[in-house]
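Chemist: Please read through the structure below; I'll follow up with questions.
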Amino acid sequence: MSVEQYKKPGLSQVSLIFACGTALFSDGYANGVIGAVNTLLKRIYGADKVNTNYSNTINSLAFAGTVVGMLVFGYLSDKLGRKFGMMLATGIVAVFSALSAASSGAHHSVSGLLAMLSACRFLLGIGIGAEYPCGSVAASEQSEEPGINKNAQHRWFALATNTMIDFGFVIAAFVPLVLFWIFGENHLRAVWRLSLGLGVVPALAVLVWRLRMDEPTRFKKDSMARARVPYLLIIRRYWVSLAAISITWFLYDFITYPFGLYSSTVTNTITGGNDSLTVVFGWSVVINLFYIPGTLGGAFVVDYLGPKYTMITGLVLQAIIGFIMSGLYTQLTNHIAAFAVVYGIFLSFGELGPGNCLGMLAAKSGPTAVRGQFYGIAAAVGKIGAFGGTWAWQRIVDDFQKRHPNDPNIGQTGPFWIGSALAVVSALITFFFVRPLSHDCMAEEDRQFREYLEAHGYDTSQMGLIESETNSVSSVADEKVSKV
């Protein structure tokens with residue numbers, strides 16, 4: 001795609017934002033579907049072989065791979081380009097989604113099958129993690145290209161990234177249910193294998209979509225792909241923002257991912273241990289659907305309140321609902337529909353605030369030169385929070401239950417109490433340490449970053465890609481600024 005094509009306004013430019021961010025659908029799908037797969041594996045092979053420790057292990061391996069992908073591809077995204085990282089990431093997701101579905105042990109042993117599935121989940125996680133500092137970062141840069149309405153920049157980024165993750169969670173809940181309806185109780189092996197294997201389809205579709213993409217204008221103009229990176233100067237300028245965003249992302253994922261992964265556990269509890277897969281999967285679909293109004297509504301709110309204050313609003317509202325659920329948990333579990341609605345609202349406010357805004361803050365708070373690494377570090381810290389949350393969930397439930405043995409429901413209130421308290425902590429960190437972002441904020445940040453480097457003796461003339469290409473792209477950017 002030539003530089004001239006960037007001048008064309010309308011859907012063509014918006015489609016580039018979605019081409020960059022849509023692959024994050026695989027994150028939601030892969031992390032959402034594994035909960036259903038674990039349930040199916042227990043039914044097929046027995047809870048003694050597929051126990052809680054194994055379920056935690058396979059979830060944790062995916063998170064570990066995701067962290068590796070975020071950190072490694074964060075560097076590659078800044079040095080080799082956004083497109084290189086996105087294409088390789090999508091290829092990894094497609095290959096290991098297929099291999100996950102084909103998992104098998106030597107002589108058809110269950111332990112071998114589980115070992116191969118665990119290994120594939122780790123490698124799949126690398127591809128998913130790579131999408132964050134490559135695809136999401138490129139989507140943020142595309143959102144400030146000519147042709148994008150200045151007052152809709154944040155909206156398109158949120159819709160192309162976090163909304164896609166949430167749709168992944170919804171589809172991940174729905175697919176096993178549909179496959180179960182098709183194949184029935186006697187063919188659960190087909191259900192779990194196809195549930196994993198269908199993850200290939202969106203990956204390949206996005207791969208084709210990205211073939212003709214070019215690097216974003218901001219990357220061409222302000223990257224340090226061919227220059228020495230002054231890391232010490234960068235750390236001095238950005239360490240507070242990076243630390244604040246990373247900590248809030250850690251707390252958000254510590255809350256959110258366990259609630260998503262264990263939604264079937266929660267629904268199993270409130271349905272009285274009903275062993276019907278249709279009931280358990282069906283309620284998981286209902287609960288996951290509540291992600292959607294949160295992320296869609298938040299995408300429109302964020303252009304008015306800005307990412308910082310939208311995030312604080314979502315966190316405070318989520319904390320209020322969480323405290324209400326904690327205090328009224330026993331009453332709510334006696335009315336399943338009421339529980340599902342309130343639980344869904346709790347998840348929805350999380351998407352309206354930190355779900356939509358954390359990636360936006362990570363992508364737009366740092367300079368283009370190290371945007372991939374800035375984003376990759378923040379997102380990796382978040383996934384470490386998700387890792388910790390998945391292991392802590394059951395321990396929190398057990399600890400609360402031990403303290404009140406006479407109330408069979410008290411254990412499930414533990415995560416809601418702690419999650420709500422952490423939401424308040426995140427809101428306070430965001431208020432005091434995260435700076436507001438305006439529209440066209442990346443262009444302004446890059447300008448200030450150049451001035452900062454020059455004031456400290458750094459030669460900024462070495463920044464950017466090929467000189468002629470950079471100049472032509474700069475003229476497009478200047479034309480946009482003059483229109484604004």
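The values are calculated or read from the model by the stated rules, or taken from the named source; none is laboratory data. All figures in this text were calculated on a predicted structure; none of them were measured in a lab. Neighbour counts are summed over all protein chains in view; Cβ atoms, including those assigned to glycine, are modelled from backbone coordinates with ideal geometry. Please note that ligands, DNA and RNA were not included when accessible areas were found on the heavy atoms of the full protein model with its side chains. Shrake-Rupley method; radii C 1.70, N 1.55, O 1.52, S 1.80 Å.
The rows are residues; the columns are (1) of a type in the set (G, A, S); (2) over 16 Å from G199 (Cα atoms); (3) without any contact (Cβ under 8 Å) to a residue 40 or more places away in the chain.
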site	(1), (2), (3)
N31	no, no, no
T39	no, yes, no
N51	no, yes, yes
L61	no, yes, no
G65	yes, yes, no
G69	yes, yes, no
G81	yes, yes, no
G85	yes, yes, no
I92	no, no, yes
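Conditions tested, residue by residue: (1) touching a residue at least 40 places away in the same chain (Cβ under 8 Å); (2) among the β-branched types (V, I, T); (3) open to solvent by less than 10 Å² (accessible area, probe 1.4 Å); (4) touching a Pro at 6+ places or on another chain (Cβ under 8 Å).
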| site | (1), (2), (3), (4) |
| --- | --- |
| E351 | yes, no, yes, no |
| Q373 | yes, no, no, yes |
| G382 | yes, no, yes, no |
| A386 | yes, no, yes, yes |
| T390 | yes, yes, yes, yes |
| P405 | no, no, no, no |
| Q412 | yes, no, no, no |
| F416 | yes, no, yes, no |
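Chemist: Give me the pairs: first residue in region 278-296 and within 13 Å of G168 (Cα to Cα), second residue acidic (D, E) and open to solvent by less than 60 Å² (accessible area, probe 1.4 Å), beta-carbon distance under 7 Å, and six or more apart or on different chains, which are they?
Modeler: Every condition considered, the pairs that remain are Y291/D166; Y291/E351; I292/D166; T295/D166; T295/E351.
Chemist: Of these, L61, L71, L88, which one is at pLDDT below 90 and either surrounded by 18 or more Cβ atoms within 10 Å (Cβ to Cβ) or under 25 Å from S136 (Cβ atoms) (or both)?
Modeler: Of the residues listed, the single one that is at pLDDT below 90 and either surrounded by 18 or more Cβ atoms within 10 Å (Cβ to Cβ) or under 25 Å from S136 (Cβ atoms) (or both) is L61.
Chemist: I'd like to check something: does region 108-117 contain any residue that is open to solvent by less than 10 Å² (accessible area, probe 1.4 Å), in contact with a Gly (Cβ under 6 Å, 6 or more places away or on another chain) and among the small types (G, A, S)?
Modeler: No, that holds for no residue.
Chemist: Further question on the same structure: Within region 136-152, which residues are under 19 Å from the mean Cα position of the chain (by Cα) and part of a helix (DSSP H, G or I)?
Modeler: S136, V137, A138, A139, S140, E141, Q142
Chemist: For G366, work out the one condition from (1) part of a helix (DSSP H, G or I); (2) under 26 Å from E444 (Cβ atoms); (3) touching a helix residue (DSSP H, G or I) at 6+ places or on another chain (Cβ under 8 Å) it doesn't fulfil.
Modeler: (1)
Chemist: Cβ contacts < 7 Å: first residue in contact (Cβ under 8 Å) with a residue 60 or more places away in the chain and aliphatic (A, V, I, L, M), restricted to region 225-240; second residue in a helix (DSSP H, G or I) and open to solvent by less than 20 Å² (accessible area, probe 1.4 Å), any location; separation 6+ or different chain. Result?
Modeler: Filtered contacts from region 225-240: A225/D78; V229/A369; V229/V370; L233/L453; I234/V370.
Chemist: Being without any contact (Cβ under 8 Å) to a residue 60 or more places away in the chain and open to solvent by less than 70 Å² (accessible area, probe 1.4 Å): is that true of D399 here?
Modeler: When the stated conditions are applied, D399 passes them.
Chemist: Pick from region 193-227 the residues that are outside any loop (DSSP other than H, G, I, E, B), out of contact with any Ser or Thr (no Cβ under 7 Å at 6 or more places or on another chain) and more than 25 Å from I292 (Cβ to Cβ): which of them is modelled with the highest pLDDT?
Modeler: R193
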